[in-house]
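Peer 1: For reference, the structure I am asking about is given below.
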2 protein chains.
Amino acid sequence: MDGLMQPRPLTIAHLLERAERLFAHKEVVTAGGERLTYADVAVGTRRLAAALDALGVPAGARVATFASNHRRHLELYLAVPVTKRVLHPINIRLSAEHLEYIVEHAEDDVVFVDRALLPRIWPSAERLPKVRHWVVLPDDSSEPIPADPRVLHYDDLVAAATPFAGSFEETFTLADENLASGLCYTSGTTGPPKGVLYSHRSTVLHCLGTLAAGLIGLCESDVVLPIVPMFHANAWGLPYGAMTAGASLVLPGPSADPDHLLRLIAAERVTVAGAVPTVWTSMAPRLRAHDLSATRFLLGGGSAVPPALSETYRAAIGVPITHSWGMTEISPVGAIGGTRTRHRDLPEADQVAVRAAQGQPLPLVNVRIVDVETGRELPRDGDAVGELQVAGPWVAGGYYRVGADGSFTEDGWLRTGDLATLDAEGYLRLVDRIKDLIKSGGEWISSVELESALTSHPDVVEAAVIARPDPRWMERPVAYVVLREGSGITGDELLAHLTPLVAKWWLPDEIVFVPALPKTGTGKISKTLLRDSVLPG
Amino acid sequence: MDGLMQPRPLTIAHLLERAERLFAHKEVVTAGGERLTYADVAVGTRRLAAALDALGVPAGARVATFASNHRRHLELYLAVPVTKRVLHPINIRLSAEHLEYIVEHAEDDVVFVDRALLPRIWPSAERLPKVRHWVVLPDDSSEPIPADPRVLHYDDLVAAATPFAGSFEETFTLADENLASGLCYTSGTTGPPKGVLYSHRSTVLHCLGTLAAGLIGLCESDVVLPIVPMFHANAWGLPYGAMTAGASLVLPGPSADPDHLLRLIAAERVTVAGAVPTVWTSMAPRLRAHDLSATRFLLGGGSAVPPALSETYRAAIGVPITHSWGMTEISPVGAIGGTRTRHRDLPEADQVAVRAAQGQPLPLVNVRIVDVETGRELPRDGDAVGELQVAGPWVAGGYYRVGADGSFTEDGWLRTGDLATLDAEGYLRLVDRIKDLIKSGGEWISSVELESALTSHPDVVEAAVIARPDPRWMERPVAYVVLREGSGITGDELLAHLTPLVAKWWLPDEIVFVPALPKTGTGKISKTLLRDSVLPG
């Protein structure tokens, strides 16, 4: 016997129309001076929706973006899915090879590209004949715009359109909540990039997850700054979350300069910001030079937040960096770190340890750990280490145009490739990537824990530990370390710092000081690139 | 093209298993001394689930409760729907006629009843032959338990059962999210009571709505007290919301004594409580005698919260009563009142006016106002008055076992029967029930506004204004007023109090002082009963 509730679908159209009806006056600010409101963005979205029709972009077609975080990108985030097309934000830092691969694979019909980014993508255009239009998003760059009939101008396009006047929401039926709304490719550290195809349903449910109080808890009084790029796993859902909650939205534009970001946080009284740890690291030395008193919640994700980094923020501005654990395959947020009620009275050091965990899953998300070899579920006792697997309505069940894939279990859970523990309160602690774990003399060494211990030294900016083949022990850890400018610390001094923090046999065989560590397109330290560059092929 | 996310259903089983895995240690306290945890409740639920199987209760069957708010009732809230049966909480204050009507209409298979409430329902048992079992929930009463083979004892039943050991969640498929999970009957002020059949999907989505930050925003650090009965529109979703958020839950048991409730709030450091205005009114004179400093959010719903009542709380304890607008048909919460960011700097009187509104709709809920005669949608300008209609995935689309019903529009929206305005921020302000509006000389008078003006006088405890037929004006308002004990105010003095507050022709023709006003089963003032008792039949 089914219930008798209204068959209303979960759609991004609802989120847009909610912002339009309830929060028309709230601000959408793009760094550089454009101050608009959700009413303005809604009008822009309604024009863009009509323009996509005029361009003859079919329903279900992929519409790509190659752009930084700004208002026009937000209009694309809305107009594309609410007209039942599929938004495909492309990572602007991809190699030409990967870039061309995913545009081909996605069969993008149109690509919207920042004028400043034309040099990174236009040279590929001749090898991408299926792209019918390249639409240039204006910015303050003066890159030459190719004289090519396929090239159009965003502002001309929307100016010529008559805004769609009805309710997008009313165009959806219940079945449509499963329509694809977005497509993001994973960074592809092994093999070609793989696409995750989000639905309206998954996007709306994830959005409600970002609103849940006491976790991220986006709300009307927030001013939300997604530093994380809009091409990186939907900017963690912050744009959709902010507009649903009625929070103001601040978009940082193309610059990742730490002072630019800090000035923006101060000037706009930002309350919630999200960024990868490397960006938080870049801002850390300058915190006290800005008034960051409005901040209430800083999210770090994409890779583990070193506890020392989080504590630097807590000491300087009273707000730690909270783990937002996720993956592109999880829309992306799966769990939120931080302390809960029962940790309040713990000694500070214990609270630091709690904050170092990846946290508890959001409502609707299930996690479990399984024995890597047997596939059997392991106890949630805080000790057992197993592969982390995830299930939930905003977790991928397959990859776009990929057949059967070892990334999913027989019962439909996502294998994350991470080793983790789970405790009796559902706290998730990542131990390592399965492939980054170092096997020395039959025992496992966690590269992540070693890196945390290294970055807890004030002179260490970044560290990566990888395995070096060893005739006797099979593998031994080697640390690659970036020191802060002017530091004169030696490898032996750093080993002495590690000694009380880890088991003696975990101590790296060598500490190599390097000027920088290789990064992936999303700004994470890439151990794959590091291995390729330092280990004998 | 559909997305490729996992087909995970939204089910109450997830909420239970979430509380079990993440919040096993958080407390579930029942007034009177029973201090348990979610782990205990989960064990009880797993036993009860097995006991329902042992009783042979079929899938989809209705399982009724006739009980106050306590831990065993919570176990029923969980065990019944997670085993795909339908929970039917019955209002304990119904007349025997209505009670028998709905048990018959619902075809309840089993009824779980508080021992103390046996005298109210057992006399009906012989007229309810389809009820196979009556299960007695122990309490501190010593009502005689009927010696009848149909009568069972809750604690014996669960003690004999082997707890279900698997994952309830895994027993559901995507299609099952639409399964009926609960059934509540409206209070039936006109005609027989009508049943609203909730689904797992609607219940989970509503639950996420109660978690949205800045609105009710249930979170892990909360201690939640549903004073509103669990038989009244699912206790506004507070039990499911609390356990999903990981908040502690405090259940008040059978007593609605104001001092009992205030002592409970103080002793348990309650942060969030929900009750109908008449209960808040009963507690108002005693606020300063208790330490209520932990409270952060007090919900009032079921009928309009008089602004003066809300301000009494704000003055005494710093927390106003916030409107939680809803209906049984809306699961029940549709909108949440209170001020938002832009009201912060308004003069206090203006903020009071904002708090007097029913508020903004929750995410996923749509509201509109339409012309009562033409059905055309009216502008959201804060002035136009029309019938309030509601749509959303937790809003009823029909009544249980009722054919076509004038309560729904052709496009599937619920007609609320309320007159309201909507403003440019989506703030909903109820003007009156359509049927309570008074038509005098061709103009409308709002009974609700007159009642607010009356209760703004410190000597007025409650007021109800109804229409009296009038040969000249068609209808004229008459006020029925309950004064606080010892007040010597006269009708003329009260009219003088009203004069600056309302239009002159709105002033009631008569003010009648009465010792009490008739109430519905859910504690709302019943104008239907009042009309029946005072107006010539």
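Peer 1: Anything in the range B:44-69 that is outside any helix (DSSP H, G or I), surrounded by fewer than 24 Cβ atoms within 10 Å (Cβ to Cβ) and among the hydrophobic types (A, V, I, L, M, F, W, C)? List them, or say none.
Peer 2: B:55, B:57, B:59, B:61
Peer 1: If you don't mind, there's one more thing I want to ask. Out of the residues in the range B:370-392 that are surrounded by 19 or more Cβ atoms within 10 Å (Cβ to Cβ), among the aliphatic types (A, V, I, L, M) and outside any loop (DSSP other than H, G, I, E, B), which is farthest from the other protein chains (Cβ to nearest Cβ)?
Peer 2: Residue satisfying both the conditions and the ranking: B:388.
Peer 1: Let me ask something additional. What's the number of the condition residue B:375 fails, among (1) closer than 26 Å to residue B:310 by Cα; (2) without any contact (Cβ under 8 Å) to a residue 40 or more places away in the chain; (3) not β-branched (Val, Ile, Thr)?
Peer 2: (1)
Peer 1: Using the structure shown, decide if residue A:225 is in a strand (DSSP E or B) and closer than 28 Å to residue A:64 by Cβ.
Peer 2: When the stated conditions are applied, residue A:225 passes them.
Peer 1: Among all residue pairs at least 6 apart or on different chains, which show Cβ distances below 6 Å where the first residue, located in the range A:1-17, is modelled with pLDDT of 95 or more and surrounded by fewer than 24 Cβ atoms within 10 Å (Cβ to Cβ) and the second is part of a loop (DSSP other than H, G, I, E, B) and of a type in the set (Gly, Ala, Ser)?
Peer 2: Short answer, once both residue conditions are applied: A:4/B:397; A:4/B:398; A:6/B:397; A:6/B:412.
Peer 1: Regarding the range B:433-456, can at least one residue be identified that is touching a Gly at 6+ places or on another chain (Cβ under 8 Å), open to solvent by 80 Å² or more (accessible area, probe 1.4 Å) and among the hydrophobic types (A, V, I, L, M, F, W, C)?
Peer 2: no
Peer 1: Mind listing whichever residues of the range B:23-43 are open to solvent by less than 10 Å² (accessible area, probe 1.4 Å) and part of a helix (DSSP H, G or I)?
Peer 2: B:38, B:41, B:42
Peer 1: Considering the range A:278-306 alone, what residues qualify as being of a type in the set (Val, Ile, Thr) and either over 18 Å from residue A:223 (Cα atoms) or surrounded by fewer than 18 Cβ atoms within 10 Å (Cβ to Cβ) (or both)?
Peer 2: Scanning the range A:278-306 gives A:278, A:279, A:281, A:305.
Peer 1: Given A:531, A:484, which one is open to solvent by less than 70 Å² (accessible area, probe 1.4 Å) and of a type in the set (D, E, K, R)?
Peer 2: A:531
Results for (1) under 18 Å from residue A:300 (Cα atoms); (2) more than 14 Å from every other protein chain (Cβ to nearest Cβ); (3) without any contact (Cβ under 8 Å) to a residue 60 or more places away in the chain; (4) surrounded by fewer than 23 Cβ atoms within 10 Å (Cβ to Cβ), shown as yes or no for each residue.
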{"residue": "A:215", "(1), (2), (3), (4)": "yes, no, no, no"}
{"residue": "A:225", "(1), (2), (3), (4)": "yes, yes, yes, no"}
{"residue": "A:230", "(1), (2), (3), (4)": "yes, yes, no, no"}
{"residue": "A:244", "(1), (2), (3), (4)": "no, no, no, no"}
{"residue": "A:248", "(1), (2), (3), (4)": "no, no, no, no"}
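Peer 1: Among the residues of the range B:155-193 satisfying the criterion of being part of a strand (DSSP E or B) and hydrophobic (A, V, I, L, M, F, W, C), which is most open to solvent (accessible area, probe 1.4 Å)?
Peer 2: B:179
Peer 1: Restricting to the range A:405-415, and then to whatever is buried (at least 16 other Cβ atoms within 10 Å of the Cβ) and within 11 Å of chain B (Cβ to nearest Cβ), can you tell me which residue is nearest to the chain's Cα centre (by Cα)?
Peer 2: So the residue we want is A:414.
Peer 1: Pull up the range B:202-213, narrow it to residues that are within 7 Å of chain A (Cβ to nearest Cβ) and in a helix (DSSP H, G or I), then point me to the one that is farthest from residue A:425 (Cα to Cα).
Peer 2: B:202
Peer 1: Here's another thing I want to ask about it. Which residue pairs have Cβ atoms closer than 9 Å, lie 6 or more positions apart in sequence or on different chains, and pair a first residue in the range A:508-519 that is closer than 17 Å to residue A:484 by Cα and in a loop (DSSP other than H, G, I, E, B) with a second residue that is open to solvent by less than 80 Å² (accessible area, probe 1.4 Å) and of a type in the set (Asp, Glu)?
Peer 2: A:516/A:462; A:517/A:462
Peer 1: Turning to a different aspect of this structure: Taking the criterion of being buried (at least 20 other Cβ atoms within 10 Å of the Cβ), among the polar types (S, T, N, Q) and either in contact (Cβ under 8 Å) with a residue 24 or more places away in the chain or in contact with a His (Cβ under 6 Å, 6 or more places away or on another chain) (or both), would at least one residue in the range A:326-339 satisfy it?
Peer 2: Yes - at least one qualifying residue is present in the range A:326-339.
Peer 1: Any idea which of A:402, A:367, A:395 is facing chain B (nearest Cβ under 10 Å), surrounded by 18 or more Cβ atoms within 10 Å (Cβ to Cβ), of a type in the set (Val, Ile, Thr) and in contact with a Lys or Arg (Cβ under 8 Å, 6 or more places away or on another chain)?
Peer 2: That would be A:395, the only listed residue that is facing chain B (nearest Cβ under 10 Å), surrounded by 18 or more Cβ atoms within 10 Å (Cβ to Cβ), of a type in the set (Val, Ile, Thr) and in contact with a Lys or Arg (Cβ under 8 Å, 6 or more places away or on another chain).
Peer 1: Considering only the range A:52-63, I want to know if a residue exists there that is of a type outside the set (A, V, I, L, M, F, W, C) and away from chain B (no Cβ under 14 Å).
Peer 2: Yes, the conditions are met somewhere in the range A:52-63.
Peer 1: Right, residue A:123: in a helix (DSSP H, G or I), in contact (Cβ under 8 Å) with a residue 24 or more places away in the chain and either under 26 Å from residue A:521 (Cβ atoms) or of a type in the set (Lys, Arg) (or both) or not?
Peer 2: For residue A:123, the condition - in a helix (DSSP H, G or I), in contact (Cβ under 8 Å) with a residue 24 or more places away in the chain and either under 26 Å from residue A:521 (Cβ atoms) or of a type in the set (Lys, Arg) (or both) - is met.
Peer 1: Take the residues in the range A:70-86 that are assigned to a helix (DSSP H, G or I) and charged (D, E, K, R), then tell me which one is least open to solvent (accessible area, probe 1.4 Å).
Peer 2: The extreme case among them is A:75.
The values are calculated or read from the model by the stated rules, or taken from the named source; none is laboratory data. Here the structure is a predicted model, which means the values were calculated and not measured. Cβ atoms come from the backbone with ideal geometry, glycine included; neighbour counts cover every protein chain shown. What goes into the accessible areas is simple: the full protein's heavy atoms, side chains included, and nothing from ligands, DNA or RNA. Shrake-Rupley method; radii C 1.70, N 1.55, O 1.52, S 1.80 Å.
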